[in-house]
Amino acid sequence: MTIFVTGGAGFIGSNFILDWLGQSGEPVVNIDNLTYAGNLQSLSSIENHPGYHFVQTDIANQNTISQLLIQHRPRAIINFAAESHVDRSIHGPASFIQTNVLGTFSLLECVRDYWNTLAGTDKSNFRFLHISTDEVYGSLLPEEPAFTESSCYRPNSPYSASKAASDHLVRAWHHTYGLPVLTTNCGNNYGPRQFPEKLIPLVILNALAGMPLPIYGDGLQIRDWLYVGDHCAAIATVLDKGIPGQTYNIGGGNEKTNLDVVQAICDVLDEIRPRAGGQSYHRQIAFVADRPGHDRRYAINGTKIAQELGWHPQETFTTGLQKTIQWYLNNSDWVQGVQNGSYRDWMALHYGHHKHNGGRA
Ligand code: NAD
Ligand code: DAU
């Protein structure tokens, strides 16, 4: 059997493919159009793996997607492909609507056509697993309980509105057409191979470079942090045991203020990579202007996936952060490639020339 992964050259998708091929060995077709966030260097260790196949295309390219479905006959599709950065969505929402809303719609239509050609258990066992976010539920007050699967959708940013729209499309394709879909909504991921526009890798790399560690507003906004390896295990569990039509919240059980997160990074670096001159990394912390419409607090109630599917996170924030920082310290080639754009040359060398939108860390 084969599975399709869309957006597999991004942060979570690349971690998922590496874990999946390492653990199950079931072949994977990675469909990714390689935006600024797509980085095949993250997957260089498996580029010659017999079970790994990469196709550079947009999820909205119906001809290619339909051909790939006929050619590989996957038993499941996991849709990671998206524009994922809230700040970018504020300054340029169009690509978020294009990929997250129209791209998901287009993919659903191709998959529905393919699924309708299946019969028997091939049809009933097929799964479309859509990866979404806790941001669709909006912002919590300090005294409010954590998000559950029945919390109202109240997206506040162009990014979260586009993800909410995609979740609704996925839901409708189940209720209207019977497509066996699953949706997961998780909190902030962190770990190896995350593009350094997101808080944790940005702070690690700025700290090491002696640059300011920017904290938006008062830094007391709260996020619920999930180690990417735990997230990947949860996705595999939902694919295996989830009930079609259901949604599952995935949380790491780590509510932290942004200031706490940045200080924790400084503490680890002070211990394992002290600054020359003996001063603490904490001195680099800099409070800057707030993000427009900045959500104050996200928190996930993970009871459903724990009780119904038996999944629990394995990492604490302390162990996950240690692993993450160590990975960035040990992988300076990957970091330099992302920061100076040389991974584009690497991809051109291995995969031929291609178009991209020129984004840079
Ligand atoms: P990312 O930005 O690192 O990677 C996205 C990948 O999708 C890239 O490889 C990019 O090239 C690809 N892509 C973008 N548009 C595409 C298109 N039109 N066609 C094909 N490929 C396309 O994102 P990530 O952080 O790995 O997030 C993956 C998914 O998980 C997204 O759907 C995101 O909304 C969701 N999510 C992320 C987090 C998080 O903390 N990172 C948390 C919750 C949910
Ligand atoms: O909650 C899940 C979401 O988490 C995902 O759906 C998104 O794809 C993912 O990008 C992430 O969104 P955030 O906006 O929470 O992530 P980001 O890393 O951009 O910011 C985390 C918090 O840190 C947020 O409150 C903004 C703040 N921040 C961020 C940056 C980049 C800063 O204070 N300074 C910064 O420089």
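The values are calculated or read from the model by the stated rules, or taken from the named source; none is laboratory data. All of these numbers come straight from a predicted model, not from anything done at the bench. When we count neighbours, we look across all protein chains shown, and the Cβ atoms used for this are built from the backbone with ideal geometry, even at glycine. Accessible surface is based on the protein model in full, side chains and every heavy atom, while ligands, DNA and RNA are left aside. Shrake-Rupley method; radii C 1.70, N 1.55, O 1.52, S 1.80 Å.
Provide the percentage of antiparallel DSSP beta bridges, counting only those with both residues in the chain; round to the nearest 5. Antiparallel bridges make up about 10 percent of those DSSP assigns within the chain. Partner lysines whose Cα lies under 27 Å from the Cα of LYS304, excluding those fewer than 8 positions away in the same chain, are identified as LYS123, LYS163, LYS241, LYS256. Computed about the Cα centre, the dipole magnitude for the chain is approximately 420 debye when only Lys and Arg (+1) and Asp and Glu (-1) carry charge, each at its Cβ.
Springs between alpha-carbon pairs under 10 angstrom, Gaussian network model over the chain: which of ASN39, ASN30, ASN125 fluctuates most? Of ASN39, ASN30, ASN125, the Gaussian network model singles out ASN125 as fluctuating most. Checking every one of the GluC sites (Glu not before Pro) in the range 105-160 against DSSP loop status and a limit of 12 other Cβ atoms within 10 Å picks out GLU143.
Cα centroids of the range 205-233 and the range 24-80: 29 Å apart. Heavy-atom accessible surface of THR117, to the nearest 10 Å², is about 100 Å², with a 1.4 Å probe and all protein chains retained. Of the whole protein surface, MET211 contributes about 90 Å² of accessible area at a 1.4 Å probe radius.
Helix content alone sets the calculated 222 nm mean residue ellipticity of the chain: runs of n ≥ 4 DSSP H residues at -39500 (n - 2.57) each, divided across all residues, give -12500 deg cm²/dmol. Measuring with a 1.4 angstrom probe and ignoring ligands and nucleic acids, HIS282 comes out at about 60 Å² accessible.
Ranking of CYS152, CYS266 by solvent-accessible surface, largest first: CYS152, CYS266 (1.4 Å probe, protein heavy atoms only, all chains present).
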